[in-house]
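The values are calculated or read from the model by the stated rules, or taken from the named source; none is laboratory data. The structure displayed is predicted, hence computed values, not measured ones. Here the Cβ positions follow ideal geometry from the backbone for every residue, glycine too, while neighbour counts run over all protein chains shown.
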């Protein structure tokens, strides 16, 4: 098949070489963005008088016909035409005749593909932000239902202090809020048009880049034509934000995997997000959480891959940059799938309140309460810490817990301990009393939830 760029060449590449160099097997995902960019370009060419109205109308009609065929899956792309741009141009010429060849006036595949990716990511990131918010809503709903559900808090995966289970969940709401802000911030750099930059140097045709940018809904245009065609920072930012988001989801996935195990039994995952074993009939595996945890490395790989592709490239466009798309597409699909799965997992998970209650009563996570109690009565905290540490050791040796010790034994450790210590050692009271801003106290958790709901409803947080 004759190449659309083949005038200068006397020899054609072998089929396997064409296959290696082609991108159509993945960049066909940009079919609608490519047509959208072409519609804006031809409109601009007519407005500036570069094409006649009749020529522009013919080309526009042909592009609309291709759009309709693409939506019905009626376009068969070929490796011989390399990429989505040349495939569509060949289809257009077949549709409207030689006039279709005028569409490429004043542009290059270099600015064309960059425009396609800007359009694609702009649309996908907005969709992802909506999915993050849906996930956040699921977290808020579950957290609000468990504000006064007690749970062990951990550091080093060792029991630390009792907390509100709702407080634990809300920590992920705020992680996701930062993720959302990163995607929103990245949109600023995505919302810029490279169209009209040409191959690298602009064009001699009297185009109006601002017209095509406005038609495509971009807020501005690149100031430098070389930067316009060689910039992939906006994809790197997307991959970076995606990697951090996946890291956050992986952390929650790990916790849910632990919590649903026989050793913890804090939650039960819904059947819809679990699988069984082909050999062990009793198994209920948290496969969806495990998959999200595993796919995190896949997204990291796409970020490092593109950083490596770009690190030594001279300006402006190089064929290496064809490697920017597969990782971007895969990350978009991975992020969207993971967010949908996670919102469902959180919404449907059963929290085993009685098991959590039992867990916080059968440990030493209230030891800090006793140390704080002593410190509040004038004993230096470091001294109070030692007193309580010795009491914990005594309990371990006696196979009991701090609240099980008779008052006489407690007073033997420090005379200032009174009967009210048993209320202080109550896990419920320990959590309730932690009223410092952002703490696990029930009032503070409710304030967090109210602030979260305001953010999800588009209200700005109070600065008080």
Within the set of pairs 6 or more residues apart or between chains, which connect a residue that is over 17 Å from residue 22 (Cβ atoms) inside the range 312-323 to a residue that is loosely packed, with under 15 Cβ neighbours inside 10 Å with Cβ atoms less than 9 Å apart? 312/320; 313/320; 316/201
Looking at (1) touching a residue at least 12 places away in the same chain (Cβ under 8 Å); (2) touching a strand residue (DSSP E or B) at 6+ places or on another chain (Cβ under 7 Å); (3) farther than 30 Å from residue 50 by Cβ, which one does residue 133 not meet, given that it meets all the others? (2)
Across the range 285-305, what is the total count of residues that are over 27 Å from residue 324 (Cα atoms) and touching a residue at least 40 places away in the same chain (Cβ under 8 Å)? 2
Looking at the range 78-99, can you tell me whether even one residue there is part of a loop (DSSP other than H, G, I, E, B), closer than 26 Å to residue 211 by Cα and at pLDDT 95 or above? no
Any chance residue 192 is modelled with pLDDT of 95 or more, over 30 Å from residue 426 (Cβ atoms) and touching a strand residue (DSSP E or B) at 6+ places or on another chain (Cβ under 7 Å): yes
So which of 138, 40 ends up being buried (at least 19 other Cβ atoms within 10 Å of the Cβ), in contact with a helix residue (DSSP H, G or I) (Cβ under 8 Å, 6 or more places away or on another chain), assigned by TED's automatic domain parsing to the domain that holds residue 237 and in a helix (DSSP H, G or I)? 138
Selected residue [over 30 Å from residue 165 (Cα atoms), more than 28 Å from the chain's Cα centre (by Cα) and surrounded by 19 or more Cβ atoms within 10 Å (Cβ to Cβ)] from 96, 125: 96
Note: among 277, 240, just one is surrounded by fewer than 22 Cβ atoms within 10 Å (Cβ to Cβ) and part of a helix (DSSP H, G or I), namely 240
Hey, residue 227 hits all of (1) assigned to a loop (DSSP other than H, G, I, E, B); (2) at pLDDT 95 or above; (3) out of contact with any helix residue (DSSP H, G or I) (no Cβ under 9 Å at 6 or more places or on another chain) but one; which does it fall short on? (1)
Those residues of the range 151-172 which are part of a strand (DSSP E or B) and surrounded by 24 or more Cβ atoms within 10 Å (Cβ to Cβ) amount to 151, 162, 163, 164
How many residues, within the range 52-80, are over 29 Å from residue 206 (Cα atoms) and either crowded, with 20+ Cβ neighbours inside 10 Å or touching a strand residue (DSSP E or B) at 6+ places or on another chain (Cβ under 6 Å) (or both)? 1
Is it true that residue 267 is surrounded by fewer than 19 Cβ atoms within 10 Å (Cβ to Cβ), more than 15 Å from the chain's Cα centre (by Cα) and assigned by TED's automatic domain parsing to the domain that holds residue 340? no
Looking at (1) exposed (fewer than 13 other Cβ atoms within 10 Å of the Cβ); (2) part of a loop (DSSP other than H, G, I, E, B), which one does residue 294 not meet, given that it meets all the others? (2)
Among (1) surrounded by fewer than 21 Cβ atoms within 10 Å (Cβ to Cβ); (2) in a loop (DSSP other than H, G, I, E, B); (3) under 43 Å from the mean Cα position of the chain (by Cα), which single condition is residue 365 missing? (1)
So how many residues does the range 374-407 have that are more than 20 Å from residue 362 (Cα to Cα) and under 45 Å from the mean Cα position of the chain (by Cα)? 7
Would you mind stating whether residue 353 is under 30 Å from residue 287 (Cα atoms) and surrounded by 15 or more Cβ atoms within 10 Å (Cβ to Cβ)? yes
